[in-house]
Structure formats: structure tokens, C-alpha cells
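Colleague: A single structure is presented below for examination.
The values are calculated or read from the model by the stated rules, or taken from the named source; none is laboratory data. Because the structure is a prediction, the values reported are computed rather than measured. Cβ coordinates were reconstructed from backbone atoms using ideal geometry, including for glycine residues, and neighbour counts include every protein chain displayed. Ligands, DNA and RNA are stripped out before the accessible areas are found, and what is left, the full protein with its side chains, is counted by its heavy atoms. Shrake-Rupley method; radii C 1.70, N 1.55, O 1.52, S 1.80 Å.
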Amino acid sequence: MNPFTIDMDQFTSKMLKSDFARTNLFRVQINPAIIQKVLTDKNSKLFGDALNFGILGNAVGTARQLINKDFADLGLLCKGATMPGTAIETELDQAVKPFRTVPKFNNFAPFTLSFYAESDHTDRIFFEDWQNSIIDRQTGLIGHYDDFVTAIYVYTFDRNGIPTSLTYFHECYPTNIGSINLNWDNNNEVMAYDVEFTYRWSQTVDANPASVIDLINKD
């Protein structure tokens, strides 16, 4: 076959045999250990102080979070994910001539997850509590790094519901919780908001059991 010509029959055959990835076939999973830890730490702070009306109200709110049977998997509320690209930062090496560009370090851009808001807002409150464990809003004290980072997993699926890939984000924490616009004109519109995460590094692998177990064991 002439490499400079296009065989349309071969191209058509390839397109008919291929099944392209769909953007709506995905699932997000946040390590449940961080959820339990953030809520437990919040309870400890609340019940450790002298009880007053405000403290008691917050404690009751936290107790409601802990007994919410669906709260253990925030990923089910995720309606969209903006998957980041990958980049290598470079610098100019002037020790040789002509100059050449050499790699310097990996650059991992933040990624964003979009969530539906539940009517009691426990999901959004959790993310604010998570941020508060990173930097306390009242004292400005910064928490211990290993105490507030966790893993986030994003799975993709084919149209038969079989997992095809897993993207693993290592040492994640939320840096920005997006705003919510309240408006009388938006009748019955479901409330949603974005959460931006930073992380140390990420990796995408095929979703075979050995690859998945290897990544999960790293966390």
C-alpha cells in the first residue's frame, strides 16, 4: 500500500470496528478514610469546647452528617469531572551550542469535580470542613500535610459497563469550592457547584485488576 495515499475502505472498516470513549461513562471515588477523618476531627473540636447554643447546633449538624447513609460515597453526587492535561516544564540549556531545551520537572494542573448539592447541604459542608482541616478559618493554623491529603480515583467505562481506565490522583486536597448562584428565575433547577483539587502526581492505567490493585496499594 502506498503510504502517501488514504485507503478509504480501510479507514471506514477501522471506524466501524472501533468503539470510541464516551464522556458520560465515568465514576469518581474519594477515599472514604478522609471523609471519616474530617468528620471525626470536627466532632472532637465541637464536643471538646464548652457547650453553648452555637456549639451545640454545630455538633447536631455534624451528627446528622455522620449518620447520613449516602454520605460515605460523595462520588455518586459527582456530575462532571474536568480531567487535567499533563505537561513537562522545560528550561534552556546554554552549556551546549546550539542551545537545546531540556526537561525540568512535571507540572500537574489542578482538576475540578462538579457535584450536585443535596437539600441539606451536607456534601458542601463536608468540603468546607475539609478545607478547615487544612487551614483553620478562625486561627489560621495549618494542619499536618499527611492528615488532610488523600487519593481520588476516576474510572471510565465502555458502553457495556466494563471499566476501561483508572486515573489515580495522589495526595489530593480541595483548594477552591466554587460559588453557587441563587435565583428566583431558575425554577426547579438542581443546585450544583465545583470543587478544585490540587495533588502531588497522577497516573492513568488500564482498568485490569492488577493495575488497579497496584495503584490503590500506593495510598
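Colleague: State which residue pairs qualify: first residue more than 22 Å from PRO32 (Cβ to Cβ) and inside region 149-165, second residue of a type in the set (Phe, Trp, Tyr) in any location, beta carbons under 7 Å apart, and separation of 6 or more residues or different chains.
Modeller: Taking only residues 6 or more apart or on different chains, the pairs are THR164/PHE157.
Colleague: Give region 177-199 a look and list any residue that's within 19 Å of LEU77 (Cβ to Cβ), open to solvent by 80 Å² or more (accessible area, probe 1.4 Å) and either part of a strand (DSSP E or B) or of a type in the set (D, E, K, R) (or both), or say none.
Modeller: Matches in region 177-199: GLU189 only.
Colleague: Please go through region 126-163 and give me each residue that is surrounded by 14 or more Cβ atoms within 10 Å (Cβ to Cβ), outside any strand (DSSP E or B) and of a type in the set (S, T, N, Q), ordered by number.
Modeller: Passing the criteria: GLN131, ASN132, SER133.
Colleague: Considering only residues that are open to solvent by less than 40 Å² (accessible area, probe 1.4 Å) and at pLDDT 90 or above, look in region 100-125 and name the one that is farthest from PHE169 (Cα to Cα).
Modeller: VAL102
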